[in-house]
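A.B. asks: This is the structure I want to talk about, given as structure tokens.
The values are calculated or read from the model by the stated rules, or taken from the named source; none is laboratory data. No experiment lies behind these values; they were computed from the predicted model shown. Using ideal geometry, Cβ is built from the backbone for each residue, glycine included, and neighbour counts are taken over all protein chains shown. What goes into the accessible areas is simple: the full protein's heavy atoms, side chains included, and nothing from ligands, DNA or RNA. Shrake-Rupley method; radii C 1.70, N 1.55, O 1.52, S 1.80 Å.
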Amino acid sequence: MSATTPVIELRNVDKSFGPIDVLHEISLKVRAGEVLCLLGDNGAGKSTLIKTLAGVHAPTRGEILVDGEPVTFSGPKDAQNRGIATVHQFGGTYPLMSVGRNFFMGEEPTIGFGPFKIFDRKTANKIAVEEVQKMGITRITDGDRLVGGLSGGERQSLAIARAVYFGARVLILDEPTAALGVKQAAHVLRIVNEAKRRGLAVIFITHQVMHAMTVGDHFAVLIRGAIAADFRKGEKTREEITDLMAGGETMADLEASIEGYMETHDGHAPQMNTAG
Amino acid sequence: MDMISSLLRRPATPSILSLIGVLVFYVIFGGVDLDRLSGAASWVNYAARIGIVALPVALLMISGEIDISIGAMIPAGAMTTAIIAGHYGLPMGVAILGALAIGVVVGLFNGILATRTSVPTLIITLGTLVAMQGIVLAGSKLLTGGASVPLTSPAWAKTIFGDFIFGGSHQVVILWWVVLTAVFWFLAHLSKYGNWIFAMGGDKVSARNAGIPVDLITILLFVGTATSASFVGMCHAILFNSAQVSGGMNDIFNIVVSVVVGGVLLTGGFGSIIGVFVGTITFAIVIKGIDFTAIDRNWANLIIGVMLLAAVAMNETFRKKAMTAVTKKKKG
Ligand SMILES: Nc1ncnc2c1ncn2[C@@H]1O[C@H](COP(=O)(O)OP(=O)(O)OP(=O)(O)O)[C@@H](O)[C@H]1O
Ligand SMILES: [Mg+2]
């Protein structure tokens, strides 16, 4: 595989849910060892885009290429089998199940034969703990521990460790740092860098400019389902990126519009209206 | 100390505590003779009857769904057996297949509706419950002209499904219950499919994203509940040489209560087969064991109500405890 063939590429992908058009003409490339940061306001279509990449949704039009070959995913499992691992924005772990069972969900190691195959709890726990520790979460030492007792960052790390262990070549992370404190977010960012160092292609979604700038090599900004900007590290300043993330309006414009609103509405700030 | 705290985190523990509580209560306030109680068949027979259905219902509830149409499926299985073998005089093998087939059909219907629509399964199965009651009543009247049908069973059918064992008054369904408990225990806790069912109850969307065939498993679980209920009905028709249209409604509550007392969370994702086994025994002892006490049997429902509330409260605290538990390295 030549260094110039993207591991995953989208060409003019559209996605509609019935009459609602969510994605328009999306074209993107991600290469091995590269982090693509996908930025955009609430409801811009980021989660929809990555669900399309993860095989959850089929694109309405356009094509997805893996290693330069056009592919159609029959479902999430198919995408995983092709090395595309996704840590979705919501869910992904089962709080009332153990670390070992979570780690191997859908890929259970078994011992025994025929109808008497049993889940190999010892092996599962051992590998799960090892892999999570490799990611730097040394506080997890017992594979029988329930995931519901872990912190948000530990859970994210578990999900990422799982993806890496199952041979992911493309790692897609939908807002993995959203609910995390400073330290835990830093930890997840370190894991992203580690994945990149191991040669994975990473697609990283975040609302935090600082997080994006820390790990990103390449940035794409989504506004109302279309790519509004596509640039590489160092090509734009933090302020420019922030403005783009606010939906293309500059912070100055936003502030002006809030002031204007307050003048015409007896000094009340406008209601926040978030979608998605 | 460490052992006690790890024991407290096991999903079967609340049901064991309930059982001990009920026994202590019966001994102290009811003057029950534990020897006589443990030798009695009435509560074991009853436990087997509801326990065979409680097992698949537990799996279904762990997966986050519920099936109340089982209430109509017990009489449906009994009537199908009696109509085919008794009224029409066809071979017992045909009757057995017929009774199981009606369970499979209703289970498929429930399961397919549950996966194709977003209607809560409580409502879907409430619909099939009432519809099946109508079908069984009207169908029996239409075909046999009555609501009670006698039948005679060949010796082999009696031996396998409807006889007494140990030369006493224990029914052969007890053996079925024990064997099925082992099968379900294997399925839920040792096989990978159990993992998938727990995951479905924990987070259905994530389970689907992990590649688990959520719809197929849901349909199979519904087939399991409906078929086990028609199986129990069939066994009873064979045992008592007759089937009646009435009955079965109480079973819905008794079975669901046994499952909840057995430590299965109503919201899904947590529970154990051993717990459900013990929960069923506890329930049967309350209902049938009260005859061995000095307590008026009308109080049994009060005890069940208290036990149910205690179980729900315990399940909730145990779930919290299980989540916050930090076990130390030494034991793997
Ligand atoms: N299954 C669906 N059916 C219809 N509309 C949908 C569906 N999924 C998403 N949408 C719509 O698509 C738009 C984009 O949603 P999406 O979840 O992709 O946004 P997002 O960029 O991830 O936002 P956030 O930053 O809040 O996570 C929203 O308007 C949403 O309502
Ligand atoms: Mg999103």
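A.B. asks: Report the accessible area of B:HIS236, computed with a 1.4 Å probe over the heavy atoms of all protein chains in place, in Å² rounded to the nearest 10.
C.D. replies: Counting only protein heavy atoms, the figure is 40 Å².
A.B. asks: Follow-up. Note down the accessible area of B:LYS158, probe 1.4 Å, to the nearest 10 Å².
C.D. replies: 50
A.B. asks: Continuing with the same structure: Taking 56 Å as R0, compute the FRET efficiency from the Cβ-Cβ separation of B:ALA138 and A:ARG238 and round it to 0.05. Could the numbers behind the result be given before it?
C.D. replies: Values: r = 74 Å, r/R0 = 1.33.
Efficiency, rounded to the nearest 0.05: 0.15.
A.B. asks: Would you tell me the accessible area of A:GLU240, worked out with a 1.4 angstrom probe on the heavy atoms of the protein chains, in Å² to the nearest 10?
C.D. replies: Its heavy atoms expose roughly 90 Å² to the probe.
A.B. asks: Related question: Anything losing 10 Å² or more of accessible area from the isolated chain to the full protein assembly: pick those residues out of segment B:256-271, probe 1.4 Å, ligands and DNA/RNA ignored.
C.D. replies: B:GLY269, B:PHE270
A.B. asks: Now, a different point. Rounded to the nearest 20 debye, what is the charge dipole size of the protein assembly as shown about its Cα centre when +1 sits on each Lys and Arg Cβ and -1 on each Asp and Glu Cβ?
C.D. replies: In total the dipole reaches around 1960 debye.
A.B. asks: If a/c stays under 1.5 just call it rounded; otherwise compare a/b with b/c (prolate if a/b is bigger, oblate if not). Do that for chain B, with a ≥ b ≥ c from the square roots of the Cα gyration tensor eigenvalues.
C.D. replies: Oblate is the answer for chain B, as a/c is 1.5 or above yet b/c matches or exceeds a/b.
A.B. asks: How much accessible area is lost when chains B and A come together, counting both sides, with a 1.4 Å probe, in Å² rounded to the nearest 100?
C.D. replies: 2300
A.B. asks: Moving on to the next point. Among A:GLY68, A:GLY83, A:VAL129, pick out the residue whose Cα is farthest towards the positive end of the charge dipole of segment A:1-153, where Lys and Arg carry +1 and Asp and Glu carry -1 on C-beta, about the Cα centre.
C.D. replies: Ranked along the dipole, the leading option is A:VAL129.
A.B. asks: Do any residues of segment A:101-122 lose at least 40 Å² of accessible area when the full set of protein chains is present rather than just their chain alone, and if so which, with a 1.4 Å probe?
C.D. replies: A:ARG101, A:MET105, A:GLU108, A:ILE118
A.B. asks: In nanometres, what is the gap between the two model label sites at A:GLU69 and B:MET249, each 7 Å from Cα along Cα-to-Cβ?
C.D. replies: 6.2
A.B. asks: Suppose all protein chains stay in the model; what accessible area per residue would a 1.4 Å probe give for the protein assembly as shown, in Å²?
C.D. replies: Heavy-atom SASA per residue in the protein assembly as shown reads 45 Å².
A.B. asks: Considering every residue in A:88-99, what mean count of other chain Cβ atoms within 10 Å of its Cβ is obtained?
C.D. replies: Counting other chains' Cβ atoms within 10 Å and averaging over A:88-99 gives 6.
A.B. asks: List the residues of segment B:279-312 whose backbone N lies under 15 Å from a point placed 7 Å from the Cα of B:ARG36 along the Cα-to-Cβ direction.
C.D. replies: Within reach of a label on B:ARG36, which here means backbone N under 15 Å from a point 7 Å along Cα→Cβ, segment B:279-312 contributes B:288-297.
A.B. asks: Could I ask something else about it? Need the full-extension length gain, A:ALA246 to A:ASP230, defined as separation in residues times 0.36 nm minus the C-alpha distance. One decimal, nm.
C.D. replies: So the chain would gain 4.2 nm between A:ALA246 and A:ASP230.
A.B. asks: I would also like to ask the following. Going by a ≥ b ≥ c, the root eigenvalues of the Cα gyration tensor, does segment A:51-101 fall in the rounded group (a/c under 1.5), the prolate group (a/b larger than b/c) or the oblate group?
C.D. replies: In terms of gyration-tensor shape, prolate.
A.B. asks: Still on this structure: Of the options B:TYR193, B:ILE84, B:TRP299, report the single residue whose Cα projects farthest towards the positive end of the charge dipole of chain B (beta-carbon charges: Lys, Arg +1; Asp, Glu -1).
C.D. replies: B:TYR193
A.B. asks: Using a 1.4 Å probe on the protein chains only, how many percent of the accessible area of chain B belongs to carbon and sulfur?
C.D. replies: 72
A.B. asks: Here is a further query. Determine the shape class of segment B:157-311: with a ≥ b ≥ c the square roots of the Cα gyration tensor eigenvalues, call it rounded for a/c under 1.5, and otherwise prolate if a/b is greater than b/c, oblate otherwise.
C.D. replies: Taking the square roots of the gyration eigenvalues as a ≥ b ≥ c, segment B:157-311 is oblate.
A.B. asks: Another one. Dipole size in debye (nearest 20) for segment B:13-317 around its Cα centre, Lys and Arg Cβ +1, Asp and Glu Cβ -1?
C.D. replies: About 400 debye.
A.B. asks: Under the rule of at least 5 residues apart or a separate chain, name every residue whose amide H is placed under 5 Å from the amide H of A:GLN89.
C.D. replies: A:ASP174
A.B. asks: Please give the charge dipole size of chain A, origin at the Cα centre, charges +1 on K and R Cβ atoms and -1 on D and E Cβ atoms. Round to the nearest 20 debye. Mind showing how you got there, number by number?
C.D. replies: Working: 30 positive and 33 negative charges, 315 e Å.
The calculation lands at about 1520 debye.
A.B. asks: When Lys and Arg each count +1 and Asp and Glu each count -1, what net charge do the other residues less than 12 Å away from A:PHE73, Cβ to Cβ, add up to?
C.D. replies: +1
A.B. asks: Assuming R0 = 22 Å, what is the FRET efficiency of B:ILE112 and B:VAL205, from their Cβ-Cβ distance, to the nearest 0.05?
C.D. replies: So the FRET efficiency works out to roughly 0.65.
A.B. asks: What is the distance in Å between the Cα centres of segment A:73-114 and segment A:17-35?
C.D. replies: Going from one Cα centre to the other spans 24 Å.
A.B. asks: At a 10 angstrom cut-off on C-beta neighbours, averaged per residue, how do the peptides A:71-78, A:145-152 rank from highest to lowest? Walk me through the intermediate numbers first.
C.D. replies: Values: A:71-78: 16.4, A:145-152: 19.6.
Sorting A:71-78, A:145-152 by mean packing, highest first, produces A:145-152, A:71-78.
A.B. asks: Whenever you get a sec, compute what percent of the accessible area on segment A:8-236 sits on carbon and sulfur atoms (1.4 Å probe). Don't jump to the answer; show the numbers that get you there.
C.D. replies: Numbers: 4870 of 9490 Å².
Carbon and sulfur: 51 percent of the exposed surface of segment A:8-236.
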